[in-house]
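Notes follow the structure.
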Amino acid sequence: MSYFGEIYHGIKTLLTGMGVTGRYFLTSGKGAITQQYPDNRDTLQMFDRFRGEVVMLHDENNEHSCTGCQKCELACPNGSIEIIWDRGVDAETGKKKKFIEKHIYHYGMCTQCGLCVDACPSNAIVWAQNFENSVYDRAELTRVLNKPGSKVRAGVEE
């Protein structure tokens, strides 16, 4: 491309970008995107694809879908998830089974990459919409995802 051709192309792309910005500037009163965060805390809705923190879903019987397969722990690139488990005898079947003692999530180390949620075969962990995670002590960012006394939902197998 010639020298003047490159100048023409540069001016054309500049005007295209300025046109998009100008159009938004003239029509922005119809629906502003900016949120006035502390003031609108009651009405604030996060987007569906927002990644706040990883949580483990429990139903009303304190049951979850996590089998302790450790696929989320292996998929995590920086070790944000740690599963402490033990084998014990299942009272119903009499066979040895893996039981989760603690499903630990280190939010302070998490990069919100989503590999752990994608790797979970039973969809036990999901992204929550919580975004207010400011703390004074970094130790408060370490959370145990499974609730005390929780167990695996019936029908969920490894």
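The values are calculated or read from the model by the stated rules, or taken from the named source; none is laboratory data. As the structure is a prediction and not an experimental result, all values here were calculated from the model. Neighbour counts run over all protein chains shown; Cβ positions are idealised from the backbone, glycine included.
For the condition touching a helix residue (DSSP H, G or I) at 6+ places or on another chain (Cβ under 8 Å), under 29 Å from residue 46 (Cβ atoms), surrounded by 13 or more Cβ atoms within 10 Å (Cβ to Cβ) and modelled with pLDDT of 90 or more, residue 106 qualifies. For region 82-118, taking the residues that are in contact (Cβ under 8 Å) with a residue 24 or more places away in the chain and basic (Lys, Arg), the one that is farthest from residue 51 (Cα to Cα) is identified as 98.
Of the residues that sit in region 46-71 and are under 16 Å from the mean Cα position of the chain (by Cα) and modelled with pLDDT under 90, which one is surrounded by the most Cβ atoms within 10 Å (Cβ to Cβ)? Applying the filter and picking the extreme gives 51. Residue 39 meets all of the listed conditions (1) surrounded by 10 or more Cβ atoms within 10 Å (Cβ to Cβ); (2) outside the structural domain of residue 120 (by TED's automatic domain parsing) but one, namely (1).
For region 54-71, which positions are under 16 Å from residue 118 (Cβ atoms) and assigned to a strand (DSSP E or B)? Result: 54, 55, 56. Residues in region 119-158 that are of a type in the set (Gly, Ala, Ser) and either in a loop (DSSP other than H, G, I, E, B) or surrounded by fewer than 11 Cβ atoms within 10 Å (Cβ to Cβ) (or both): 122, 124, 134, 139, 149, 150, 154, 155.
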